[in-house]
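Report on the structure given below.
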Amino acid sequence: MTSQAVVQVENLSRFYQNQSAIKNLSFSLNAGEVLGFLGPNGAGKSTTMKILTGNLAPSEGQVRIKGFDIIESPREAKQQIGYLPEHPPLYCEASVDEYLKYCAQLRGIRRQSINKALDVSKQQCGLSDVGRRLIGHLSKGYQQRVGIAQAIIHNPPVIILDEPTVGLDPIQMRDIRHLIKKLGQEHSVILSTHILSEVQATCDQVQIIQQGELIYHSSIETLNLSQAPSMTIGLNQPPTIEQLKQLDQVTHVKAIDEQRFELFFEGESPAQAIVQQSVQQQWELYELIPGQQSLEDLFIELTQDETSVDPEVTNK
Ligand code: ADP
Ligand code: MG
């Protein structure tokens, strides 16, 4: 964790009766980052977000938003956050302007600043032309924009969006993703989703949650890399990383420890070259494991655990 962290979560747990919805989660988010919170239904995404935003008390652990503890200084902490809940409380019989004005008042924005706040949030969310329309008459995509507009009305440094593209058609999804990416330039954003491509399209960081536990965290850069073909090798007398990079087809080398390396490659597998070089240069190859599991494989495995549909059975 660095001093830059705007969100710091330490050892967070939440129990419902005897069952734990989330277990011992720790992570942090830096200024200007977009973090994708990826996991199947029931994994604990919404529970985490409710705790981060002060809408649910944790059973254990600590949340600090820009240094403010969500339990000890809830007012200050909540002031730093904009939140789009799973089921945003939109008032269908209100116009967009009426609703956003109401939200601005709830956020304590001063009367003389309210119009400006409305204009800015509508402009950012592409709602400038629909201020007078009734929310109930808008498409689902536009309703979602209204939900995001209320989240950013007080210009918070941190924006938390719970499955912002659920129930949208592909065009609406694309528009909302563009919007999130744009917001990410000036804010820190955490969004939850069960769609891997959404994370790749919008986020800098990704973490996967399964049955309440964080099982994966990485930058999108590493994630994209992990989907390139790779192999892990172990050498008793390894050369330098630079020398490994010289091998044909190898594009990138990551040291796992002093003797084990992950090699990423393009085209044909460099396995033969590795074996040959190892003999010639006496690297003493003792392990060669082809193909790392990609994040997509990993995620599909998780989701299948949840739904456990067996195509062999359903096809018969
Ligand atoms: P996600 O948002 O990832 O789909 P949730 O955070 O909504 O997951 O749920 C995590 C787990 O906690 C699930 O097993 C869910 O059934 C359980 N859960 C959520 N809310 C409650 C509640 N109010 N009472 C009991 N169990 C709950
Ligand atoms: Mg949820």
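Each value in this text was obtained by applying a stated rule to the coordinates, not by laboratory testing. Small disclaimer: the values here were computed from a predicted structure and weren't measured. Backbone-built Cβ (ideal geometry, glycine too); neighbour counts: all protein chains shown.
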Compute the normalised compactness of the chain: alpha-carbon radius of gyration over 2.2 N^0.38 Å, N being the residue count. 1.20
For the pair Gln79/Leu56, report the inter-label distance in nm, with labels modelled 7 Å from Cα in the Cβ direction. 2.7
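Taking only pairs that are 8 or more places apart or on different chains, how many Lys pairs in the chain have Cα atoms under 13 angstrom apart?
Summing the qualifying lysine pairs gives 6.
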Using alpha carbons only, how many angstrom separate the centre of the stretch 139-215 from the centre of the stretch 13-83? 16
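Starting from the eigenvalues of the Cα gyration tensor, five times each then square-rooted, give me the equivalent ellipsoid semi-axes of the stretch 76-226, largest first, whole Å. Don't jump to the answer; show the numbers that get you there.
On the way: eigenvalues 159, 59, 36 Å².
For the stretch 76-226, the semi-axes come out at 28, 17, 13 Å.
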Go ahead and collect, in residue order, the members of the stretch 276-290 whose backbone nitrogen is under 15 Å from a label point 7 Å along the Cα-Cβ direction of Thr232. 286-290
In nanometres, the difference between 0.36 nm per residue of separation and the alpha-carbon distance of Asp248 and Asn24 is 76.3 nm
With labels modelled as points extended 7 Å from the Cα through the Cβ direction, what inter-label distance (nm, one decimal) is found for Glu10 paired with Val166? 3.1
So for the stretch 116-227, averaging the separation of alpha carbon pairs under 8 Å that are six or more residues apart and normalising by length, what relative contact order in percent results? 19
Contact order relative to length of the stretch 227-292, as percent, for alpha carbon pairs under 8 angstrom and 6 or more apart: 48
Of the candidates Leu52, Val206, Gln105, the farthest towards the positive dipole end of the chain (Lys/Arg Cβ +1, Asp/Glu Cβ -1, centred on the Cα centre) is Gln105
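Can you give me the relative contact order of the chain as a percent, contacts being Cα pairs under 8 Å and 6 or more apart? Write down the numbers at each step before the final one.
Numbers: 575 pairs, mean separation 59.2, N = 316.
RCO, the chain: 19 percent.
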